[in-house]
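Nothing in this text is a laboratory measurement; each read-out follows from the coordinates by a stated rule. Bear in mind the structure is a predicted one, so any value in this text is a computation, not a measurement. Glycine gets a Cβ as well: all are built from the backbone with ideal geometry, and neighbour counts include every protein chain shown.
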Amino acid sequence: MWHFFIRHEQDALVLSGMITNFVVGYILYVMKKSQIISIVVALLAIGVLYSLPKVIVSDKDKKIDNKPTGQQAEAVTTESSHSQSLSAEQASAIKNLTNQYKNSTDKEKKIIFADSLAGIYRKAMIFDSVAVYRELIVGLEPSEENLLSAADACYDAFFFVTDAEKVEIYGEKARGYYQKVLDKNPKQLNAKAKMAVTYANSASPMQAIAMLREVIAEDPKNEQALFNLGLLSIRSGQYDKAVERFKEVLKNNPVNLQAKLYLGISYAELGDKASARQFLEEAKAGTDDVMILNAADEYLKELEATN
């Protein structure tokens, strides 16, 4: 994946651990400031999904089929199972639910089984398999809610799969599903804000900014769009603009701890250590989230080391 803000290819990031919910897990082994920024983005993608993808994909145009077959589902699931650890309990549940899904001819039951499988895979952080089962549900019942769930699942996979080709595939899948959501309900502005991010490293990167500005024009306080604009500002090294965006997020939602964390990072990059410490400490004080705590601690250590 595109390791966000890594300045040297030889810099290594090692992550270990699993999460049992959306926000606990991933242990940081980070030694350089450039790596710290990289890992912060990766960590906070789970749950909030406000970060950017970590792979630069090719500009090749590919047409992606948004309706996976059972064989595709099985292939992706098997591959993912090899790359991530499942507990014995999870593996047993997956085996049973998979058999029930395959053997059932009742649409509603198949949806229930697929939803349960997606939930297990999400807890195990096997995001491409989550996407597979969310897509299967859409094939059975293409409601707005199911389309949005499939879009978000592909969005997750877009961030976390390690193969560049799959990143491109899931980025296009996410865009396709978000577009279908918007076709049904143009007022789904958060979907549009997420869809915009998938263009950041496509052949049309300026479309990301354009779409986010469209969201802001319609809803000036849209948190998802403001946050993503802040991250795009960090990505381009425009830390002063990032500060403005994250401050605006916090003006509308003072308890957004991710905004505080990124605001602290932006201030640190601008050399304002006092403000950086303030917001990093505030981010820490408001949570027991291991990801935020570790990321803030690592950045605070870096600030102390440069005194």
Per-q log10 I(q)/I(0), region 214-307, q = 0.12, 0.13, 0.14, 0.24 Å⁻¹ (Debye; single scatterer per alpha-carbon; no solvent): -0.35, -0.41, -0.47, -1.21
What is the gain in length, in nm to one decimal, between Ala93 and Ser143 on full extension, counting 0.36 nm per residue of separation less the C-alpha to C-alpha distance? 15.3 nm
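Placing +1 at every Lys and Arg Cβ and -1 at every Asp and Glu Cβ, with all other atoms neutral, what dipole size does region 206-257 have around its Cα centre, in debye to the nearest 20? Let's see the in-between values first.
Values: 7 positive and 7 negative charges, 33 e Å.
That gives region 206-257 a dipole magnitude of about 160 debye.
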³J(HN,Hα), Karplus 6.51/-1.76/1.60, whole Hz, each residue of region 292-299, x for Gly, Pro: 5, 4, 5, 5, 5, 4, 5, 6
